[in-house]
Structures are given as C-alpha cells and as structure tokens.
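Step one of this worksheet: look at the structure below.
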Amino acid sequence: MRCRCEHALRPRRRVPRVTLLRSERGFTLIELLVVVIILGLLAALVGPRLLGRVGQSKTAAARVQIELLGAALDQFKLDVGRYPATQEGLQALQVSPGNAPGWSGPYLKKDVPRDPWGTPYQYKSPGDHGEYDLFTYGADQTPGGEGENTDITSWGTEGKSQ
C-alpha cells in the first residue's frame, strides 16, 4: 500500500481549469461601473474649470483687440484729422473712405476682426463716452452681464450697460 505522503509530494501537472477561466474573463461589471463613476467625477470637477478658462481667454482677447483697434483709429485720426464716422465704421481702417484726404492706410494688417464670439465690434463716432465708442457685448450679445457676458468697451466700464 502506498503512503499518502508520496501523493502529496508529487508535483501537479495540470493547472485547475477554474483558475484559467477566471483570469481570462476580464473586468466585472462592478469594476467597469467604478471606473465610469471615477471618470464622471473627474470630468465634473475639471470640465467647468477648463471651460471657465476658455471664457476668460476670449474676454482677454476682446480687450486686446479693442486696444489694437483703438490704436489704429488713433493713427487714422493723425492722418485724416478725425475719427471715421459711424457710417464709415471700422472698414475705414482698411479701405479709404471717399472724403478722407491724408488717408495712409490700411491701418490694420488683416481684415477688421470680429469679436471672439464671432460678431462685429460695435463702433460709434462721435461716441457717448468719448470721441468714439468701440465695444462688444460679450458672449451673450446683450448689454450688461458678468464673466464671459461682460461688455468690453474702449472707455473702460466693463460690465456696465450703456
């Protein structure tokens, strides 16, 4: 009769089938749900911050464009002796209006830009706040607002309606 000890000392030759199936099975439904929930939480926390930065950068870009357009308007005035009339608009910085002796433009390297939200800048001369008013109403395109909806103006009262 054989000793049971010998059987215990013999190496096993085959791997249990249950172990192979479990390792080949992949992720469980609960594991996948946990990953989806974690990704959702990350998106909820990080997404608004990224979108807020986009809005801030558009507002900053509009301020810079208004300053650059203001410099071009000042150069127009130095050459012509006046700012473009409201009817001539900002296009007078690109194409000479008929009644502008001394015009030495174009005063912009490219076409007159639209604001970062895709609408034309508002221009009025003479203005209500100075020799000219140059502004955009922001993302909402209505007077007033806060954040990305703030009015950006050449006279420096951002956020206040006219």
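Read-outs throughout are calculated quantities, based only on the coordinates presented, and are distinct from any laboratory measurement. All values reported here derive from a predicted model rather than from experimental measurement. Cβ coordinates were reconstructed from backbone atoms using ideal geometry, including for glycine residues, and neighbour counts include every protein chain displayed.
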| query | Distance in nm between label sites at ALA60 and LYS124, each 7 Å beyond Cα in the beta-carbon direction? | reply | 3.0 nm
| query | Counting Lys and Arg as +1 and Asp and Glu as -1, what is the net charge of the other residues whose Cβ lies under 15 Å from the Cβ of GLY81? | reply | -2
| message | Can you give the local net charge around GLN94? Use residues other than it whose beta-carbon is closer than 15 angstrom to its beta-carbon, Lys and Arg +1, Asp and Glu -1. | response | 0
| request: May I ask you to evaluate 6.51 cos²θ - 1.76 cosθ + 1.60, the Karplus curve with θ = phi - 60°, for each residue of the range 72-80 and list the ³J(HN,Hα) values in order in whole Hz, giving x for glycine and proline? | output: 5, 5, 5, 5, 4, 5, 4, 7, 9
| query | In what sequence do LEU69, LEU134 fall when counting other Cβ within 10 Å, fewest first? | reply | LEU69, LEU134
| query | Between THR150 and residues 5 or more places away or on another chain, which pairs have amide H atoms under 5 Å apart, with H built 1.01 Å from N, and which residues are they? | reply | ALA139
| task | Quick one: what are the phi-derived ³J(HN,Hα) couplings along the range 102-119, Karplus 6.51/-1.76/1.60 with θ = phi - 60°, whole Hz, x for glycine and proline? | result | x, 4, 10, x, x, 9, 10, 5, 10, 4, 4, x, 8, 5, x, 9, x, 10
| query | Which loop GluC sites (Glu not before Pro) in the range 108-151, with loop taken from DSSP, have no more than 16 other Cβ atoms within 10 angstrom of their Cβ? | reply | GLU131, GLU146
| query | In a solvent-free Debye calculation with one equal scatterer on each Cα, what is log10 I(q)/I(0) for the range 34-153 at q = 0.11 Å⁻¹, listed in the order of the q values? | reply | -0.46
| remark: Sorted by chain and then number, the residues having a modelled amide H within less than 5 Å of the amide H of ASP115, at least 5 places away or on another chain, are TYR121
| query | Quick one: PHE76, PHE27, fewest Cβ neighbours within 10 Å first, how do they rank? | reply | PHE27, PHE76
| Test item: Cα-centred dipole of the range 34-153, Lys/Arg +1 and Asp/Glu -1 on Cβ, debye | 400 debye
